[in-house]
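Accompanying notes for the structure given below.
The values are calculated or read from the model by the stated rules, or taken from the named source; none is laboratory data. Here the structure is a predicted model, which is why all the values come from computation and not from measurement. With ideal geometry, Cβ positions are generated from the backbone for all residues, glycine too; neighbour counts draw on all protein chains shown. Just the protein is used for accessible areas: all its heavy atoms, side chains included, with ligands, DNA and RNA removed. Shrake-Rupley method; radii C 1.70, N 1.55, O 1.52, S 1.80 Å.
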Amino acid sequence: GVVCREELVQVLGAFVEYIDALGPLGYVFYFVGYVVLETFAVPAFPLTMSAGALFGTAQGTLLVTSAATVAAGIAFLIARYIARDKVQSLAEGYPKFKAIDKALENDSFRVVAVMRLSPLMPFALSNYLYGLTSVNFKSYICGSFLGMMPGTFAYVSAGQATRQLSEGALGSGAILSTLFGVGLAIFSAGYIGKLASNAMCEETCICEEDFNVSASQDT
């Protein structure tokens, strides 16, 4: 496992250098690469942080959020129209899926946004599972984009600060303010995520009760 992580760090380091050397084309290459990796459920956390090192906090956040949303849309469409049976078999391993699906019937946009803030299912898998639900594509895309942005901002900010620190580009005062800003961003994302998780728990618990009642009535 350690060897794999070291190799991953080396590969990502080489990737950052390569993207840096591409200039404006680096944005396109990074965007396409992120979409492909996320669509195939490759962990994107290191790549998300690298966006801060490559493009800065504002542009990096927008780029990552946009790429992740495109990947989420592709996975959604694959599940809904191409590989529905396969994804359906995966959904059986997540008992809360039915409750989430029920919640989506009532307020698709809000539920998707909340789920993105603090997902109850793995992110890449949830992209496919949403394709089985009743959510419409527009609500799914808009909710995903807005819901993913706070967490993305936190990690992209950390990536930018890491690069600046490694290059000695920050003075001591700037270092403290940058670390404080990154820490505040991560704390804020975590706090929002906790609130979202609690709200989603209440939502799904209600839906599970409704689902169980309707199931008992059917029997």
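Pairing each residue of the stretch 38-65 that is more than 21 Å from residue 21 (Cβ to Cβ) with any residue that is open to solvent by less than 30 Å² (accessible area, probe 1.4 Å) and of a type in the set (S, T, N, Q), provided the two are 6+ apart or on different chains, yields C-beta distances under 6 Å for 57/157; 61/152; 65/152.
Being touching a Pro at 6+ places or on another chain (Cβ under 9 Å) and either surrounded by 15 or more Cβ atoms within 10 Å (Cβ to Cβ) or under 18 Å from residue 141 (Cα atoms) (or both) holds for only one residue in 37, 54, 90, and it is 37. When restricted to residues that are more than 16 Å from residue 81 (Cβ to Cβ) and buried (at least 20 other Cβ atoms within 10 Å of the Cβ), the stretch 125-138 contains 1. Which pairs do you get when a residue that is farther than 19 Å from residue 153 by Cα and small (Gly, Ala, Ser), found in the stretch 104-126, comes within reach of a residue that is in a helix (DSSP H, G or I) and at pLDDT 85 or above, reach meaning Cβ atoms under 8 angstrom, with the pair 6+ apart or on two chains? That search, which allows pairs on different chains as well, returns 108/139; 108/140; 108/143.
Criterion first (closer than 16 Å to residue 144 by Cα, in a helix (DSSP H, G or I) and among the charged types (D, E, K, R)) does residue 116 satisfy it?
Spelling it out, residue 116 is indeed closer than 16 Å to residue 144 by Cα, in a helix (DSSP H, G or I) and among the charged types (D, E, K, R).
The listed residues are 186, 192, 141, and the only one of them that is assigned to a helix (DSSP H, G or I), at pLDDT 80 or above and surrounded by fewer than 19 Cβ atoms within 10 Å (Cβ to Cβ) turns out to be 141. Just to be sure before I move on: is residue 67 open to solvent by less than 10 Å² (accessible area, probe 1.4 Å), aliphatic (A, V, I, L, M) and farther than 26 Å from residue 133 by Cα in the structure I sent? Taking the combined requirement at face value, the residue does not satisfy it.
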